[in-house]
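Take a look at the structure set out below.
Nothing in this text is a laboratory measurement; each read-out follows from the coordinates by a stated rule. Keep in mind it's a predicted model, so treat the numbers as computed, not measured. Heads up, the Cβs are rebuilt from the backbone with ideal geometry, glycines too, and the neighbour counts pull from every protein chain shown.
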Amino acid sequence: MNTRTDFIGNMVAEDFRTAAIFKRHGIDFCCKGGRTIEEACNNKKLAPEKIYQELEALPKNEGSAIDFNSWPLDLLADYIEKTHHRYVEEKTPILQAFLDKLCKVHGDRHPELFEINALFNESAHDLAAHMKKEELILFPFVRNMVKARISGEALLQPAFGTVENPVNMMQHEHTVEGERFRKIAEITDEYLPPADACNTYKVAFAMLQDFENDLHKHIHLENNILFPKAIQLEKEFAVES
């Protein structure tokens, strides 16, 4: 890993422990992973040397972390679907119920809850559609590419043309979600409950923060590993044909 020249997304793909450092400095490693540290720091008026030092101070990775970067693409697609998609499906209705309750009970004293609730409901709607597009269109094609590569069979041309078309759409939608949750984090003061918060309030904010953290990892696995490798694999078929 070259901390001076590598893209942030590639560094996180190589060693996910780096994500905590980038997050601590407010640097987006998932939706905006295609930048160097210097470029990201220039945008945020941060000193890159401090981040270089923190990254270089990480203990040598002894292999305890999961190396998603080495996984076959079909396995990675399965993991994303069964882990991150399922997480969204399970947590969304719980959070919606909590936020609805908070608006009813605390909305008069904390009107910002209505905006948080509206933003999360938008996210819930858009993520549900987004994940279905991946599960029904993009991921099956990724699995077909892997299967064709292993079997030596010809790869059938998909209806969407090239894999870059759905990938570009998914990346755009990732950016929208990233911005939406940045807004939620800003409104909630980084998920800090107010002094008069009840237990439901505290749990809801903690769940929102967990939801955002899971979304970051979810988007990272796709934007920085699955998507670029799928594009590269498709290009290899084109060269061979």
Calculated FRET value between residue 157 and residue 200, using beta carbons and R₀ = 51 Å, to 0.05: 0.50
Can you flag which of 101/217; 23/202; 44/133 are past 30 Å Cα-Cα? 44/133
Taking the range 63-123, which trypsin sites (Lys or Arg not before Pro) meet the DSSP loop condition and have no more than 15 other C-beta atoms within 10 Å? 109
Please work out the C-alpha center-to-center distance from the range 189-234 to the range 87-138 and express it in whole Å. 13
Paramagnetic reach from residue 148 (point 7 Å along Cα→Cβ, amide N under 19 Å) across the range 225-241: 226-241
Quick check of the Kirkwood formula: for the chain, what is the inverse mean of 1/r over all pairs of different Cα atoms, in Å? 19.6
In what order do 41, 30 fall by count of nearby beta-carbon atoms within 10 Å, going from fewest to most? 41, 30
Which ordering of 123, 70 is given by a fewest-first count of other beta-carbon atoms within 10 Å? 70, 123
What net charge is computed for the residues neighbouring residue 118, neighbours being all others with C-beta under 14 Å from the C-beta of residue 118, Lys and Arg scored +1, Asp and Glu -1? -3
Normalised radius of gyration for the range 8-57, please: alpha carbon Rg relative to 2.2 N^0.38 Å, two decimal places. 0.98
Among 105, 167, which comes first, second and so on when ranked by fewest other beta-carbon atoms within 10 Å? 105, 167
Between 33, 152, 107, where does the largest GNM mean-square fluctuation fall for the chain, given springs only between Cα atoms within less than 10 Å? 152
In sequence order, what are the phi-derived ³J(HN,Hα) couplings for the range 105-112 according to the Karplus relation 6.51 cos²θ - 1.76 cosθ + 1.60 with θ = phi - 60°, rounded to whole Hz, with x for glycine and proline? 8, 10, x, 5, 8, 9, x, 5
